[in-house]
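In what follows, a single structure is set out as structure tokens and then discussed.
The values are calculated or read from the model by the stated rules, or taken from the named source; none is laboratory data. Because the structure is a prediction, the values reported are computed rather than measured. For neighbour counting, all protein chains shown are included, and Cβ atoms are generated from backbone atoms with ideal geometry for every residue, glycine included.
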Amino acid sequence: MPTAIREAMPEDAAALAAVHVLSWQAAYRDLLPGPYLDALDPGERAAVWHARLTAPDRPTVLLTTEADGRVVAFSCFRAWPDGPDEAGESDGTAEAAGAADEPGALDPATTAELAALYSLPEVWGTGVGRALLAASTEALAAAGFRTAALWVLAGNARGRRFYEAAGWRPDGTSVCDVTGGRELEELRYRRELFT
């Protein structure tokens, strides 16, 4: 399956939203209530992604397309936030706080946040996610970041294996968040970009 990776544009918002919703519905089926997942609305997600992609302080969003141009995966990253999460997941992923005086705080000058990496279930295990993760970490290193961090649900064994296979490791920091009426623990993973 030939694919290409490029930066997302505002007109990609609907395609990003479709990948986002379908990925959540498949990946989190055992972690979140079915009615919550079934009610996720790609139209609402598209509006959120359009706003992010047109914001002056927009995060970087890379997407993977197949030869026919269909979007099958995307990643979203930026400098580690020094306050409540704005570009990450407003629909359930924990807020990533990082003020300098907080325990476990990360320096936004040297640390990037991989706020999202999602792909359509049909491309899981094909190398699409690995290639997108590699392109994302290369872009972060090229931007001068030394470390990258992300949040992953503690119960997301597939996601944790994926990141661990790429050299990411839990750093001992965790947060709890309520999504769909269910309390979920998220673990912070980190990876040095220059080894």
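Of all residues assigned to the stretch 152-166, at least one qualifies as being of a type in the set (A, V, I, L, M) and closer than 21 Å to THR60 by Cβ. Summed over the stretch 1-54, residues that are assigned to a helix (DSSP H, G or I) and among the basic types (Lys, Arg) total 2. Being closer than 27 Å to ALA154 by Cβ, exposed (fewer than 15 other Cβ atoms within 10 Å of the Cβ) and in contact (Cβ under 8 Å) with a residue 40 or more places away in the chain holds for only one residue in PRO59, PRO33, and it is PRO33.
When ALA94 is tested against (1) over 16 Å from ARG146 (Cα atoms); (2) at pLDDT below 95; (3) surrounded by fewer than 20 Cβ atoms within 10 Å (Cβ to Cβ); (4) not polar (S, T, N, Q), just one condition goes unmet, and that condition is (3).
Just one of the listed residues (ALA15, ALA67, ALA73, ALA4) is in contact with a strand residue (DSSP E or B) (Cβ under 6 Å, 6 or more places away or on another chain), in contact (Cβ under 8 Å) with a residue 12 or more places away in the chain and loosely packed, with under 14 Cβ neighbours inside 10 Å, and it is ALA4.
For the stretch 159-175, which residues satisfy the criterion of being within 20 Å of LEU193 (Cβ to Cβ), out of contact with any Pro (no Cβ under 9 Å at 6 or more places or on another chain) and assigned to a strand (DSSP E or B)? Matches in the stretch 159-175: ARG169, PRO170, ASP171, GLY172. On the stretch given as the stretch 121-158, residues that are part of a loop (DSSP other than H, G, I, E, B) and either out of contact with any Lys or Arg (no Cβ under 9 Å at 6 or more places or on another chain) or surrounded by 20 or more Cβ atoms within 10 Å (Cβ to Cβ) (or both) total 9.
Selection of the stretch 141-164 for residues being among the hydrophobic types (A, V, I, L, M, F, W, C) and either more than 24 Å from THR126 (Cβ to Cβ) or touching a residue at least 24 places away in the same chain (Cβ under 8 Å) (or both) yields ALA141, ALA142, ALA143, PHE145, ALA148, ALA149, LEU150, TRP151, VAL152, LEU153, ALA154, PHE162. Could you tell me whether ASP38 is modelled with pLDDT of 95 or more, among the acidic types (Asp, Glu) and surrounded by fewer than 18 Cβ atoms within 10 Å (Cβ to Cβ)? Here the answer is yes, as ASP38 does meet what is asked.
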